[in-house]
């Protein structure tokens with residue numbers, strides 16, 4: 001029998017999602033023999049920068065693939081304090097976009113603009129800034145991923161879906177030991 005699928009849903013501006021992200025590596029290590037983990041992004045309405053962050057993630061994935069997206073996600077959580085509501089009260093959209101371009105650059109997912117025109121600089125900071133609100137490369141994929149979250153009943157973050165079932169009553173601060181107890185409890189009531 002193959003591994004089960006554990007889907008994790010995060011909002012990049014959510015401090016609870018960040019707390020879950022902090023434990024994610026140890027959770028994956030503990031359960032890697034039983035579960036394949038998948039990361040999804042969503043945007044909560046009261047986190048105004050979350051959708052821009054998610055659009056940036058979608059753009060990174062469109063241009064560079066899933067591993068680059070995960071590096072960008074990590075960098076967003078590391079730098080989350082730079083785009084929280086209390087910091088960005090009356091900031092222009094272009095300034096918010098620049099924050100995410102800087103984060104993408106820090107994550108190492110952007111190409112260096114060499115100025116040679118050789119095509120080696122296809123996904124530069126300039127391209128990121130020009131396309132973060134592009135429908136096909138950023139907005140549509142971010143919205144599609146958001147709809148996946150809604151399809152599972154994910155109306156908050158972080159949330160976990162194991163074998164297509166939303167697991168309720170969990171906490172963002174849970175590490176491997178708490179998840180072991182929860183999975184043992186759930187296993188007795190349903191097959192995960």
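Where a number appears in this text, it was derived from the coordinates with a stated rule and is not lab data. Given the structure is predicted, the values throughout are model-derived calculations rather than measurements. Cβ placement follows ideal geometry from the backbone for every residue including glycine, while neighbour counts extend to all protein chains displayed.
Cut-off is 10 Å between beta-carbons; in what order do 3, 30 appear when sorted fewest neighbours first? Mind showing how you got there, number by number?
Values: 3 12, 30 17.
Ranking 3, 30 by Cβ neighbours within 10 Å, fewest first, gives 3, 30.
Using DSSP, restrict attention to beta bridges with both residues in the chain and report what percent are antiparallel, rounded to the nearest 5.
So the antiparallel bridges in the chain amount to around 50 percent.
In nm, give the distance between the simple-model label positions of residue 181 and residue 34, each being 7 Å from the Cα along the Cα-to-Cβ direction.
In this crude spin-label approximation the distance works out to 1.5 nm.
For the chain, with a Gaussian network of springs between Cα atoms less than 10 Å apart, report the residue from 19, 159, 32 with the top mean-square fluctuation.
The residue with the greatest mean-square fluctuation here is 32.
Using 0.36 nm times the number of residues separating residue 45 and residue 81, minus their current alpha carbon distance, what extension gain do you get?
Values: separation 36, 0.36 × 36 = 12.96 nm, distance 1.82 nm.
Stretched out fully, the residue 45 to residue 81 stretch lengthens by 11.1 nm.
For the residue pair residue 147 and residue 94, what label-to-label distance in nm results when each label sits 7 Å from Cα along the Cα-to-beta-carbon direction?
So the two model labels end up 3.3 nm from each other.
Please work out the Cα center distance from region 136-150 to region 3-79, rounded to the nearest Å.
Between the Cα centres of region 136-150 and region 3-79 lies a distance of 14 Å.
Exposure proxy check: 33, 90, 111, 81 ranked by fewest other beta carbons within 10 Å? Walk me through the numbers on the way to the answer.
Values: 33 7, 90 4, 111 16, 81 10.
In order of increasing Cβ crowding within 10 Å: 90, 33, 81, 111.
Select from 67, 141, 15 the residue whose mean-square fluctuation is largest in a Gaussian network model of the chain (Cα-Cα springs shorter than 10 Å).
In the Gaussian network model the winner is 67.
Which whole number in µm²/s is D for region 1-148 by Stokes-Einstein, with the Kirkwood Rh taken over Cα pairs at 20 °C and 1.002 mPa s? Don't skip to the answer; put the middle values down first.
Numbers: Rh = 15.9 Å.
Result for D is 134 µm²/s.
So for region 4-189, averaging the separation of alpha carbon pairs under 8 Å that are six or more residues apart and normalising by length, what relative contact order in percent results?
Working: 255 pairs, mean separation 61.7, N = 186.
For region 4-189, the relative contact order is 33 percent.
Would you order 10, 174 from fewest to most other beta-carbon atoms within 10 Å of each residue's own beta-carbon? Write down the numbers at each step before the final one.
Details: 10 28, 174 18.
Lowest count first: 174, 10.
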